[in-house]
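Working notes, beginning with the structure itself.
Read-outs: derived from the displayed coordinates by stated rules, not from any lab. Quick caveat: nothing in here was measured; it's all calculated off a predicted structure. Cβ: placed from backbone, ideal geometry, glycine included. Neighbour counts: every protein chain shown.
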């Protein structure tokens, strides 16, 4: 399964979010590939789900075919875990 962590430039905050997603998946025993990327690249990338900020979430929801999960606090283990759980429930 391929997950994307997306921020404006695909460098800073998406890297933090990527690490949080990887930890959440590992805790749940879920194998996945997590990439961090920018908004433009995310629109052209085939992924199973996108995790991003609330600011970018609406734009991405209208541009990608997979579910988009908006995260307020990228380092919040519980919040990221809830988004991962919500994704897993949809599968």
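What to note about this one:
- Candidate set: region 57-73, residues that are under 14 Å from residue 20 (Cα atoms) and in contact with a strand residue (DSSP E or B) (Cβ under 8 Å, 6 or more places away or on another chain); chosen: the one surrounded by the fewest Cβ atoms within 10 Å (Cβ to Cβ): 70
- Taking the criterion of being under 14 Å from residue 88 (Cα atoms) and surrounded by 15 or more Cβ atoms within 10 Å (Cβ to Cβ), the only residue of region 31-46 that qualifies is 32.
- Considering only residues in region 20-45 that are closer than 23 Å to residue 62 by Cα and in contact (Cβ under 8 Å) with a residue 40 or more places away in the chain, the one that is farthest from the chain's Cα centre (by Cα) turns out to be 45.
- Being surrounded by 16 or more Cβ atoms within 10 Å (Cβ to Cβ), more than 19 Å from residue 10 (Cα to Cα) and under 9 Å from the mean Cα position of the chain (by Cα) is a condition met by at least one residue of region 74-89.
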